[in-house]
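The values are calculated or read from the model by the stated rules, or taken from the named source; none is laboratory data. All figures in this text were calculated on a predicted structure; none of them were measured in a lab. Note that we place each Cβ from the backbone using ideal geometry, even for glycine, and neighbour counts take in every protein chain shown.
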Amino acid sequence: MKKITAIILLFIASTFSSFAEEGMLIPSLISAFEDDMKAMGMKLSADDIYSVNHSSLKDAILHFGGGCTAELVSSQGLLLTNHHCGYSQIQSHSSLENDYLKYGFWAKNKSEEKKNPGLTAARVVRIQDVTASVFQGMEGLSQSEKLLKMQENVNALIKDAMAGNEYSADIKPFNYGNDFYMIVKETFRDVRLVGTPPNSIGKFGGDTDNWVWPRHTGDFSVFRVYANASNEPSDISDSNVPYKPLHFLPVSVKNRVPGEFTMVYGFPGSTEQHLTSENLRYIIDQERPARIKMRDKSLGVINAGMRSSDLIRIQYSSKQARIANGWKKWIGQIGGLKTVDAIQIKLDREKRFNDMAATKPEWQEAYGSVINELNKLVVKYKDADFGYSMAIEYLYVGPEVFKQARNLNKFLKNYEAMEIAGTLDAEIDKQIKGAKGFFKNYDAAVDKEIFLLLTEEYVKQVGNGPLPARLKNTSAQVLADKIFKKSILTDEARFIKFMNKLKAKSFKKLKKKDLGFIVWSESNDNFRENVLPDVRTYRGAKDQLLKTYVKGKMEMFPDDKHWPDANSTMRITYGKLEGSAPHDGMAYTEHTTIDGIIAKNNSDNPDFDVLPRMRELAKKKDYGDYAQDGELWVCFSGSNHTTGGNSGSPVIDAEGNLMGLNFDRTWESTMSDFMFDASRCRNIAVDVRYVLWVMDRYSGAKHLVDEMVLVK
């Protein structure tokens with residue numbers, strides 16, 4: 001029996017790892033992978049996936065809010081993305097009277113859809129390789145002249161791309177500057193909230209389940225893109241109408257088959273696959289653990305506050321999710337990298353690279369020393385890089401008093417210019433309006449405790465590194481007591497009173513007497529004067545060496561699979577609907593069902609709370625037309641290589657239909673930002689049939705389902 005079990009587990013593990021595909025591919029180059037994708041079951045052509053001559057899948061994929069992905073699913077501009085991607089908009093429309101976070105929201109008609117100033121959704125018009133044009137005219141120039149010429153070429157290309165249209169264009173380096181691509185976009189500025197499930201669905205599992213499998217989270221929200229009468233992007237206006245897309249995704253309600261082809265199409269944020277062994281060692285041993293510790297302290301305060309009050313829960317829900325997401329990801333990342341012995345893998349790869357470089361004199365000259373130089377560079381500058389990471393956690397992720405200080409400082413820097421231009425009064429009104437929005441979602445007691453704990457930890461972590469004298473020589477408790485008692489940055493009434501009386505004299509008084517502004521200003525100045533210069537030197541030198549390293553990889557190992565690191569541009573990854581076996585004796589199935597929601601809810605963990613309707617429908621097995629073999633699938637996993645920014649990305653089947661919305665990776669997969677492991681790395685998606693069920697049966701919003709084209 002033991003032998004049979006071992007054989008079965010071995011088979012499961014080998015099956016799960018056989019389809020995993022590393023890489024985030026540039027859509028305009030997808031034809032090079034078409035045969036491989038078809039061998040895995042795809043029925044589409046490369047032209048169906050990406051084309052600039054006619055509509056294609058790419059036209060249904062939008063960059064949502066600049067940090068997530070969304071997909072068009074109807075001829076009326078209906079847009080699906082993750083619940084956590086739309087969370088700040090959902091939170092902004094919520095109040096104690098209208099608690100959309102707790103109970104959800106569904107617009108019954110288009111007039112009830114909620115506007116979101118500042119929210120955008122961008123369509124990629126084309127992706128163009130402009131490497132040769134960027135490097136044109138470089139012969140005989142010095143290094144500084146080459147940089148100027150490159151910028152001149154880039155400016156000319158962008159100007160030409162934007163001539164006679166309303167598009168935007170950007171040229172980004174790929175492979176650390178070995179290649180350059182121009183991304184031309186059409187950006188829609190009127191994107192309205194249509195619907196959201198309650199947190200008990202959209203955030204089901206909370207921090208307990210974040211980054212883990214099995215997962216049962218209905219991580220979706222619904223928006224709509226609006227345009228002007230000519231179907232072009234427009235500022236928010238009551239005269240705008242639903243956008244008519246060039247392409248939208250049909251929605252598959254067909255039965256899923258383990259092992260079937262899956263493709264994720266979206267905007268992955270950042271990966272660093274080429275880091276050397278010493279760089280990875282620094283991240284695992286020092287940088288990530290310290291950042292985790294900083295967030296431990298913030299989250300302890302926020303979580304306690306949210307449990308104590310419904311108002312604080314609403315105020316801090318979005319902030320807590322943002323801080324906790326990176327915190328838990330990093331914990332899993334360290335664990336995964338240690339489990340696979342990532343540093344040794346890097347050392348082995350570096351030896352292979354150096355051995356190959358030694359086989360030819362020209363390779364030895366060009367590439368023979370680059371790895372050693374990269375590792376030495378990390379050792380030389382890691383203290384500076386660590387100081388940078390700690391300052392980011394303290395000044396930008398930590399106490400919100402610093403956010404208010406940053407906003408005020410931007411205003412004060414332009415004070416005299418606004419006075420001369422006669423716009424000062426209008427700008428003061430704008431500041432007061434912004435402050436009202438800030439303090440609506442602010443609790444001074446919560447922020448004071450965060451300030452106290454993070455100031456202590458920041459000073460402890462930086463140690464003998466550069467710190468403002470005030471932080472070194474004054475206790476965090478003394479600073480906290482004074483700031484939160486008197487600073488205009490921590491109290492709405494004090495802030496508005498200051499703005500209403502603002503004159504140059506008050507401005508100078510603020511810089512000398514408001515301790516909140518003083519601590520931020522001194523810390524920010526220290527960061528910019530004593531930390532940033534070394535970090536910029538380090539990163540500039542590292543990028544130049546990595547450019548050489550990547551070029552060497554591509555030249556010396558042409559048969560290896562090469563792909564450029566994610567950089568928030570549109571990418572494609574493909575794989576299979578499959579589970580995994582990431583640990584000895586453990587095998588993950590490829591899907592979860594509503595039964596798992598009820599089982600978790602029975603555990604009394606508050607992260608698994610549900611509203612009564614979920615239990616009622618589950619008990620009746622009221623699954624409508626969305627079940628498979630009597631089960632309602634909730635989530636599924638696949639062997640697609642994803643990262644942050646892929647949140648909300650469509651998981652597309654072999655025929656180009658929407659199967660689900662990507663929203664996470666398993667905890668064993670978070671290492672894939674640095675190193676992809678085919679046996680462990682899996683993305684997680686909410687099944688679109690569960691999305692439709694929540695809209696239709698749970699929420700009574702079948703009118704939205706009726707907008708879509710369902711494929712049975």
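Tell me, please, whether a residue that is more than 27 Å from the chain's Cα centre (by Cα), outside the structural domain of residue 322 (by TED's automatic domain parsing) and not hydroxyl-bearing (Ser, Thr, Tyr) can be found in region 60-70.
Within region 60-70, not a single residue is more than 27 Å from the chain's Cα centre (by Cα), outside the structural domain of residue 322 (by TED's automatic domain parsing) and not hydroxyl-bearing (Ser, Thr, Tyr).
For region 668-688, which positions are within 27 Å of residue 45 (Cβ to Cβ) and part of a helix (DSSP H, G or I)?
688
Pull up region 570-586, narrow it to residues that are aliphatic (A, V, I, L, M) and assigned to a strand (DSSP E or B), then point me to the one that is surrounded by the most Cβ atoms within 10 Å (Cβ to Cβ).
572
Identify all residues within region 439-464 that are surrounded by fewer than 16 Cβ atoms within 10 Å (Cβ to Cβ) and either modelled with pLDDT under 95 or of a type outside the set (A, V, I, L, M) (or both); write none if there are none.
Matches in region 439-464: 440, 460, 463, 464.
Can you find a residue that is under 21 Å from the mean Cα position of the chain (by Cα) and aromatic (Phe, Trp, Tyr) anywhere in region 310-323?
Yes, some residue in region 310-323 is under 21 Å from the mean Cα position of the chain (by Cα) and aromatic (Phe, Trp, Tyr).
With over 23 Å from residue 208 (Cβ atoms) and in contact with an Asp or Glu (Cβ under 6 Å, 6 or more places away or on another chain) as the only criterion, which of 578, 590, 616 stands out?
Within the list 578, 590, 616, the selection yields 578.
Quick check on residue 535: is it β-branched (Val, Ile, Thr), surrounded by 21 or more Cβ atoms within 10 Å (Cβ to Cβ) and in contact (Cβ under 8 Å) with a residue 40 or more places away in the chain?
No; evaluated as a whole, the condition is false for this residue.
Only one of 350, 393 is crowded, with 20+ Cβ neighbours inside 10 Å, of a type in the set (D, E, K, R), in a helix (DSSP H, G or I) and not assigned by TED's automatic domain parsing to the domain that holds residue 680. Can you tell me which?
Only one candidate qualifies: 393.
Restricting region 486-502 to residues that are at pLDDT below 95 and not in a helix (DSSP H, G or I), which is surrounded by the most Cβ atoms within 10 Å (Cβ to Cβ)?
Taking the candidates together, the pick is 502.
Under the condition of being buried (at least 18 other Cβ atoms within 10 Å of the Cβ) and not β-branched (Val, Ile, Thr), which residue from region 314-324 is farthest from residue 389 (Cα to Cα)?
Among residues in region 314-324 that are buried (at least 18 other Cβ atoms within 10 Å of the Cβ) and not β-branched (Val, Ile, Thr), the one farthest from residue 389 (Cα to Cα) is 315.
Find all pairs meeting these conditions: Cβ atoms under 8 angstrom apart; at least six residues apart or on different chains; first residue within region 211-237 and at pLDDT 95 or above; second residue basic (Lys, Arg) and not in a loop (DSSP other than H, G, I, E, B).
Listed by first residue and then by second, the contacts come to 216/600; 223/192; 224/110; 224/192; 226/192.
Where residues in region 68-113 are assigned to a helix (DSSP H, G or I) and among the aliphatic types (A, V, I, L, M), which of them is farthest from residue 210 (Cα to Cα)?
90
Residues of region 178-232 being assigned to a loop (DSSP other than H, G, I, E, B), closer than 23 Å to residue 568 by Cα and not charged (D, E, K, R), which ones?
Result: 178, 210, 211, 220.
With surrounded by fewer than 18 Cβ atoms within 10 Å (Cβ to Cβ) and either closer than 20 Å to residue 83 by Cβ or outside the structural domain of residue 339 (by TED's automatic domain parsing) (or both) as the only criterion, which of 639, 603 stands out?
After ruling out the rest, the residue left standing is 603.
For residue 204, indicate whether it is in contact (Cβ under 8 Å) with a residue 24 or more places away in the chain, surrounded by 18 or more Cβ atoms within 10 Å (Cβ to Cβ), in contact with a helix residue (DSSP H, G or I) (Cβ under 8 Å, 6 or more places away or on another chain) and of a type in the set (A, V, I, L, M, F, W, C).
yes
Residue 284 - would you say it is out of contact with any Asp or Glu (no Cβ under 8 Å at 6 or more places or on another chain) and either within 30 Å of residue 380 (Cβ to Cβ) or of a type in the set (Asp, Glu) (or both)?
Yes.
Considering only region 40-82, how many residues are buried (at least 24 other Cβ atoms within 10 Å of the Cβ) and touching a His at 6+ places or on another chain (Cβ under 6 Å)?
1
Against the condition under 24 Å from residue 268 (Cβ atoms), in the same structural domain as residue 375 (by TED's automatic domain parsing) and not in a strand (DSSP E or B), how does residue 532 come out, does it pass?
no
Going by what's in this entry, would residue 377 be described as within 20 Å of the chain's Cα centre (by Cα), on the phi < 0 side of the Ramachandran plot and either in a loop (DSSP other than H, G, I, E, B) or not small (Gly, Ala, Ser) (or both)?
Judged against the criteria, residue 377 is not a match.
In region 39-67, what residues are outside any helix (DSSP H, G or I) and within 15 Å of residue 660 (Cα to Cα)?
Hit for region 39-67 is 61, nothing else.
Taking the condition of being farther than 20 Å from residue 686 by Cα and polar (S, T, N, Q), how many residues in region 549-604 meet it?
Count: 5.
When you scan region 251-262, do you find a residue that is within 27 Å of residue 24 (Cα to Cα), under 23 Å from the mean Cα position of the chain (by Cα) and in contact (Cβ under 8 Å) with a residue 24 or more places away in the chain, even just one?
Looking through region 251-262, at least one residue is within 27 Å of residue 24 (Cα to Cα), under 23 Å from the mean Cα position of the chain (by Cα) and in contact (Cβ under 8 Å) with a residue 24 or more places away in the chain.
Here are some conditions: (1) surrounded by 18 or more Cβ atoms within 10 Å (Cβ to Cβ); (2) over 26 Å from residue 94 (Cα atoms); (3) not hydroxyl-bearing (Ser, Thr, Tyr). Residue 379 meets all but one. Which one does it not meet?
(1)
Restricting to region 404-437, what's the tally of residues that are surrounded by fewer than 16 Cβ atoms within 10 Å (Cβ to Cβ), modelled with pLDDT of 90 or more and touching an Asp or Glu at 6+ places or on another chain (Cβ under 9 Å)?
Matching residues across region 404-437 total 1.
Which of the residues spanning region 327-339 are buried (at least 17 other Cβ atoms within 10 Å of the Cβ) and either not hydrophobic (A, V, I, L, M, F, W, C) or not in a helix (DSSP H, G or I) (or both)?
328, 329, 332, 333, 336
Tell me which of these residue 595 doesn't satisfy, since it passes every other one: (1) of a type in the set (Asp, Glu); (2) part of a helix (DSSP H, G or I); (3) at positive phi.
Result: residue 595 passes all but (3).
Kindly list, by first and then second residue, each pair from a residue in region 439-452 that is among the small types (Gly, Ala, Ser) to a residue that is surrounded by 21 or more Cβ atoms within 10 Å (Cβ to Cβ), limited to pairs with Cβ atoms under 7 Å and residues at least 6 apart or on different chains.
These pairs meet every condition: 444/484; 444/490.
So is residue 316 touching a Lys or Arg at 6+ places or on another chain (Cβ under 8 Å) and either assigned to a strand (DSSP E or B) or of a type in the set (Phe, Trp, Tyr) (or both) or not?
no
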